[in-house]
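Take a look at the structure below.
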Amino acid sequence: MKKVVEVDKELKSKAVSIKYVEGVEAPFITAKGIGKKAEKILTIAKEEGISVVEDAPLVDFLGIQDVGDYIPEETWSVVAKIFAFIVDSKNGVNNE
């Protein structure tokens, strides 16, 4: 199980949490919010040790989707790179 939270700190905070469960079609959206709700999502992520990645265009695009939806196919490549970066980081791989 992998999780990531996307953040856009421009103007108001925005956050979208996504999760991938092995064997499912694609990662899906588990939470999203703007302002105080986004800050709560980020607080929970920090408390739970969930990786946080800033990507304003991605969070804007995912933010128009509904909680429970699979992420759109157009985002699979970007999200796969983010997941790979997170896994490599946790395994001590240098991603320069």
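In the stretch 1-48, the residue that is nearest to the chain's Cα centre (by Cα) out of those that are at pLDDT below 90 and farther than 18 Å from D69 by Cα is V7. Against the numbered list (1) over 18 Å from V21 (Cα atoms); (2) of a type outside the set (D, E); (3) at pLDDT 90 or above, N91 comes up short only at (3). Scanning the stretch 38-87 for residues that are part of a helix (DSSP H, G or I), charged (D, E, K, R) and either free of Cβ contacts under 8 Å to residues at least 24 places away in the same chain or open to solvent by 90 Å² or more (accessible area, probe 1.4 Å) (or both) turns up K40, K46, E47, E48, E73, E74, K81.
Listed by first and then second residue, the pairs linking a residue in the stretch 15-36 that is under 18 Å from E54 (Cβ atoms) and touching a residue at least 40 places away in the same chain (Cβ under 8 Å) to a residue that is among the basic types (K, R) and surrounded by 15 or more Cβ atoms within 10 Å (Cβ to Cβ), with Cβ atoms under 7 Å apart and 6 or more places separating them unless they lie on different chains, are A15/K32; V16/K32; P27/K19.
The values are calculated or read from the model by the stated rules, or taken from the named source; none is laboratory data. Because the structure is a prediction, the values reported are computed rather than measured. Note that each Cβ is placed from the backbone with ideal geometry, even for glycine, and that neighbours are counted across all protein chains shown. The protein model used for the area step is the full one, side chains on, heavy atoms only, and it has no ligands, DNA or RNA in it. Shrake-Rupley method; radii C 1.70, N 1.55, O 1.52, S 1.80 Å.
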